[in-house]
Amino acid sequence: MDYNKMIERVLENIERVMIGKRDIAKLSMTALIARGHVLLEDVPGVGKTMMVRALAKSVSADFKRIQFTPDLLPSDVLGVSIYNPKEMKFEFRPGPILGDIILADEINRTSPKTQAALLESMEEASVTVDGKTILMDQPFFVMATQNPIEHEGTYPLPEAQLDRFLFKLEMGYPTQKEEIEVLRRAEKETTIEKLSAVLTLDELLALQDAVEKVIVNDSVKSYIVSCAAETRDHPAVDLGVSPRGSVALMKACQAYALINDRSYVIPDDVQYLLPFVFSHRITLGSEAKYEGITTAEVIERILAKIPVPITQASL
């Protein structure tokens, strides 16, 4: 299979409705084939929901949307068992979490209890209802959107929930030129409804399997672990990156290498993806926050401190 052409078809298809967001589309595709999940954080109206819908349509996936609100219950997400008087037994009615690509819209507008309902599904690819465990079909991909926590009516995601997301991304405002193009397209029609699939589910699953075959040199693994360990020892950090974060970074690098038509990971992959994987897994200390130190600055210092390995592929 020509994996590079398959991925390029998806990216070009997304660009039909998303102007100037190729990098975000590429990272979203990276997370999807790495079997990870994505948290999109930004102000309303910059295209977060459109990105998820375009990705789902492009890969022939079953798309489900969960609109998180303050009164949403865990059963509204997972499903519920309802008694059938004719059959004289309880029947399970699956919730929207049982789909291929799930849009968890405005996830931080609901209570921590309902947020926690996503934990098992995102980590174990299963849900437990009334003591019964139900395995999720593959592929299973959650892309959650959230407004910045400073916005009124939002709840911060707990560390355990954040750790389940492979990437945390920000859409950003379009440039003036890009926004003019958005207006031109909106003037004619909304093209998302006419977007067609360019990849089958079997092809997507083949991409996910191919990621596991991408080679990660021992020196690159050591580089990843050294960067993670440095977050735990950094004086500005209260809670550093766990081993789960190290594994997540390696898997992301494997997927990103495949997307860039390589069968091996290079240190540049680690340096590029590390901020997206580590930023939401680092908790700064109160003193560091008071001094105005940001997570981005901490990551920048770590990357500058840890020696970059010279791999055989880099020579």
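Taken together, the values in this text are just the output of simple stated rules run on the coordinates, not laboratory data. What you see is a predicted model; the values in this text were computed from it and never measured. Cβ: placed from backbone, ideal geometry, glycine included. Neighbour counts: every protein chain shown.
Over the Cα atoms of the stretch 171-315, what is the Rg over Rh ratio if Rh follows Kirkwood?
Details: Rg = 19.5 Å, Rh = 17.9 Å.
Dividing the radius of gyration by the Kirkwood radius yields 1.09.
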query = Between residue 206 and residue 188, what length in nm is gained on full extension when 0.36 nm per residue of separation is reduced by their alpha carbon distance?
reply = 2.8 nm
Farthest positive-ward along the chain dipole, Cα basis, beta-carbon charges - from 96, 75, 309 = 96
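Within 10 Å of each candidate Cβ there may be at most 11 other Cβ atoms; applying that plus a DSSP loop requirement, which GluC sites (Glu not before Pro) in the stretch 30-103 survive? Write out the running numbers ahead of the final one.
Numbers: sites: 41, 87, 91; in loops: 87.
Answer by residue number: 87.
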ask   = Three principal axis extents, largest first, for the C-alpha atoms of the stretch 250-315, in Å?
value = 44, 21, 13
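Pop the C-beta distance of residue 247 and residue 69 into the FRET formula with R0 = 35 Å and round what comes out to the nearest 0.05. Present the calculation step by step, with values, prior to reporting the outcome.
Values: r = 33 Å, r/R0 = 0.95.
In this case the efficiency is close to 0.60.
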query = What whole-number value in cubic angstrom gives the convex hull volume per residue for the C-alpha atoms of the stretch 1-102?
reply = 147 Å³
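Note down the Stokes-Einstein diffusion coefficient of the stretch 223-286 in µm²/s, whole number, using a Kirkwood radius over alpha carbon pairs, 25 °C, and 0.890 mPa s.
Values: Rh = 12.1 Å.
Answer, rounded: 203 µm²/s.
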ask   = Across the stretch 121-226, how large is the tail of the calculated P(r) beyond 16 Å, expressed as a percent of all Cα pairs?
value = 80 percent
note = Between the modelled labels at residue 310 and residue 263 (7 Å from Cα along Cα→Cβ) the distance in nm is 2.5 nm
note = Note to self, the chain gives a 222 nm [θ] from helices alone (DSSP H runs n ≥ 4, -39500 (n - 2.57) apiece, / all residues, nearest 500) of -13000 deg cm²/dmol
task = Could you give me the radius of gyration and the Dmax of the chain, taking only the C-alpha atoms into account and expressing both in angstrom?
result = 20.3, 71
ask   = Out of residues 5 or more away from residue 285 or on other chains, whose amide H comes under 5 Å of its own, with H placed 1.01 Å from N in the peptide plane?
value = 237, 238
query = What is the spin-label model distance, in nm, from residue 226 to residue 272 if the labels are put 7 Å beyond Cα along the C-beta direction?
reply = 2.1 nm
ask   = What dipole magnitude, in Debye to the nearest 20, does the stretch 1-114 give about its Cα centre under +1 on Lys/Arg Cβ and -1 on Asp/Glu Cβ?
value = 140 debye
message = Using a 7 Å offset from Cα along Cα-Cβ at residue 8, what residues in the stretch 250-280 end up with backbone N under 17 Å from the label point?
response = 257-263
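Rounded, prolate or oblate: which one fits the stretch 46-158, using the alpha carbon gyration tensor with axes a ≥ b ≥ c (rounded when a/c is under 1.5, else prolate when a/b beats b/c, else oblate)? Walk me through the numbers on the way to the answer.
Values: a/c = 2.14, a/b = 1.39, b/c = 1.53.
In terms of gyration-tensor shape, oblate.
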key: Mean Cβ neighbour count within 10 Å, used as a protection proxy, ranking 208-214, 17-23, 30-36 highest first   = 30-36, 17-23, 208-214
ask   = Under a point spin-label approximation (7 Å from Cα along Cα-to-Cβ), what is the residue 116-residue 303 distance to one decimal in nm?
value = 3.6 nm
